[in-house]
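Participant: Following this message is one structure expressed as structure tokens.
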Amino acid sequence: MASSAGLALCGHALVVRGGSRLLATSTSSSDDDSLFIYDCSAAEKKSQEHKGEDGQPVDQGSDTVLASTFSKSGSYFVLTDDSKRLILFRTNPWQCLSVRTVVRRCTALTFTASEEKILVADKSGDVYSFSVLEPHGGGRLELGHLSMLLDVAVSPDDRFVLTADRDEKIRVSWAAAPHSIESFCLGHTEFVSRIFVVPNHPELLLSSSGDRTLRLWEYRSGRELHCCPLTSLQDPTEPWSDKRFAVSRITYWSQEDCVALSCDGPVVYIFQLDAAQRQLVPKQLLTFQHRVWDAAFKEGHGLWVLQDCQEDPLVLFRPVGGQWQSVPESAELKRVCAHVRVNWAMLEGCAGMDSGFSSLYKAACDNMTAYLRKKEQRLQQQLEKRRQAPPPGPSGPAKKMRAGASARGCSS
């Protein structure tokens, strides 16, 4: 799956990634204005040459970052690229700890709550675990699906591993025995693009899908609590309102129980989680002049949005009078934007790249329409043949019969 630009926040650390590079800095004015830049194309590569069945070298990828995330405390950061590498960093100070190889290209990854392991989901449907404490250790197969995995999450107590796949399913497995399935959360009608366990309500799960809905679950029982169509916040007159899309990021602000969703378009959806009533309340639709690449909350600070605009690559929103409004005069925003503008080259290749979900939609199969169309074509062909056939008349079979009859009459 292709990956566009990405944004990650944890504490004062902020990471912007694009192409094969990442840029890490701090949002705090008290920290020094230092940058950490890492380019995956310069990372360690496997020494052996991969060859296919025909003996020719197999494409090793373009080093594009596919997925990345912080650990819960922000002490670690991990990414995976399309050259099948898993790269682990320490964040204070920033340092690359290891470069490991994964079996297949990955679609999502997460840290366990204890920060002892990294769980990596791949396109073949498998989840592997990699040790954080032993940064050079190999991966271990934990569980598998029969379909491509699109996201993976863990419960806050590390008891459950949750996986979302292309075939509309969310599976809840026991972490200690992944073959033991606690439940399935079923209800989406298209691929499940993202899942998110609510940290301050650890029994609840949020999920998004290509069916353009945001759903709330009690995941241990597999019970759907609420389904909220994203179209409830859309203006039907907007040119993009009838476009198929899937959410590429679910981010959450525990302080206000606020949920923000970004997708492949110029909008960010804002919902309120009413945990007592077990429902989601649509609050606001933030619209932009440029495509939104990613969005992330910083606890107690606001919503950061990364967009396809070199002049204003990042926008900061804060709640004012019940509505989210941009804060253009923020000193930390100006400082971070200046860093991104200087390194804009790493984001230029993301401009025309989609989120990778467009190929995952179910193909429509309307056999009746095709049958009726072919039937109509056959009827038209038969009608055309009849029009071109010579009409019956004196020169046809009747004339020959009369000629034969008169010959027999003469012979008698």
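Participant: Give the residue, chosen from 161, 247, 192, that is at pLDDT below 95 and out of contact with any helix residue (DSSP H, G or I) (no Cβ under 6 Å at 6 or more places or on another chain).
Facilitator: The conditions single out 247.
Participant: Here is a list of conditions, (1) part of a strand (DSSP E or B); (2) at pLDDT below 95, and residue 172 meets all of them except one; can you say which number that is?
Facilitator: With (1) part of a strand (DSSP E or B); (2) at pLDDT below 95 applied to residue 172, the lone miss is (2).
Participant: Could you tell me whether the range 224-237 includes any residue that is under 26 Å from residue 119 (Cβ atoms) and at pLDDT 95 or above?
Facilitator: Scanning the range 224-237 turns up at least one residue that is under 26 Å from residue 119 (Cβ atoms) and at pLDDT 95 or above.
Participant: Checking the conditions here, which among 157, 167 is over 24 Å from the mean Cα position of the chain (by Cα), under 20 Å from residue 183 (Cα atoms) and part of a loop (DSSP other than H, G, I, E, B)?
Facilitator: 157
Participant: Scanning the range 82-104 for residues that are in a strand (DSSP E or B), touching a residue at least 12 places away in the same chain (Cβ under 8 Å) and out of contact with any Leu (no Cβ under 6 Å at 6 or more places or on another chain), which turns out nearest to residue 299 (Cα to Cα)?
Facilitator: Only one residue fits best here, namely 91.
Participant: Please specify each residue of the range 325-344 satisfying the condition of being over 23 Å from residue 248 (Cβ atoms), in a helix (DSSP H, G or I) and either within 26 Å of the chain's Cα centre (by Cα) or in contact (Cβ under 8 Å) with a residue 12 or more places away in the chain (or both).
Facilitator: Across the range 325-344, the qualifying residues are 331, 332, 335, 339, 341.
Participant: Out of everything in the range 2-53 that is basic (Lys, Arg) and modelled with pLDDT of 80 or more, what residue ends up being nearest to the chain's Cα centre (by Cα)?
Facilitator: Applying the filter and picking the extreme gives 17.
Participant: Are any residues in the range 269-324 touching a helix residue (DSSP H, G or I) at 6+ places or on another chain (Cβ under 7 Å), surrounded by fewer than 22 Cβ atoms within 10 Å (Cβ to Cβ) and outside any strand (DSSP E or B), and if so, which ones?
Facilitator: 310, 312, listed by residue number.
Participant: Name the residue, out of 249, 194, 244, that is assigned to a loop (DSSP other than H, G, I, E, B), of a type in the set (Lys, Arg) and within 20 Å of residue 360 (Cα to Cα).
Facilitator: On the way: 249 fails: assigned to a loop (DSSP other than H, G, I, E, B); 194 fails: assigned to a loop (DSSP other than H, G, I, E, B).
Unique residue meeting the criteria: 244.
Participant: Still on this structure, I have one more. Starting from residues that are among the polar types (S, T, N, Q) and open to solvent by 10 Å² or more (accessible area, probe 1.4 Å), keep the ones in the range 184-213 and report whichever is farthest from residue 295 (Cα to Cα).
Facilitator: 189
Participant: Filter the range 140-159 down to the residues that are farther than 17 Å from residue 192 by Cβ and open to solvent by 40 Å² or more (accessible area, probe 1.4 Å) and list them by number.
Facilitator: If the condition is that a residue be farther than 17 Å from residue 192 by Cβ and open to solvent by 40 Å² or more (accessible area, probe 1.4 Å), then 140, 141, 156, 157, 158, 159 are the ones that fit.
Participant: Here's something else I'd like to know. What is the residue count in the range 65-105 for residues that are under 20 Å from residue 144 (Cα atoms) and open to solvent by 50 Å² or more (accessible area, probe 1.4 Å)?
Facilitator: Result for the range 65-105: 5.
The values are calculated or read from the model by the stated rules, or taken from the named source; none is laboratory data. Just so we're clear, the structure is a prediction, and the values are computed from it rather than from any experiment. Please note: Cβ atoms are built from the backbone with ideal geometry, for glycine as well, and neighbour counts cover all protein chains shown. For accessibility, only protein heavy atoms count, side chains too; no ligands or nucleic acids. Shrake-Rupley method; radii C 1.70, N 1.55, O 1.52, S 1.80 Å.
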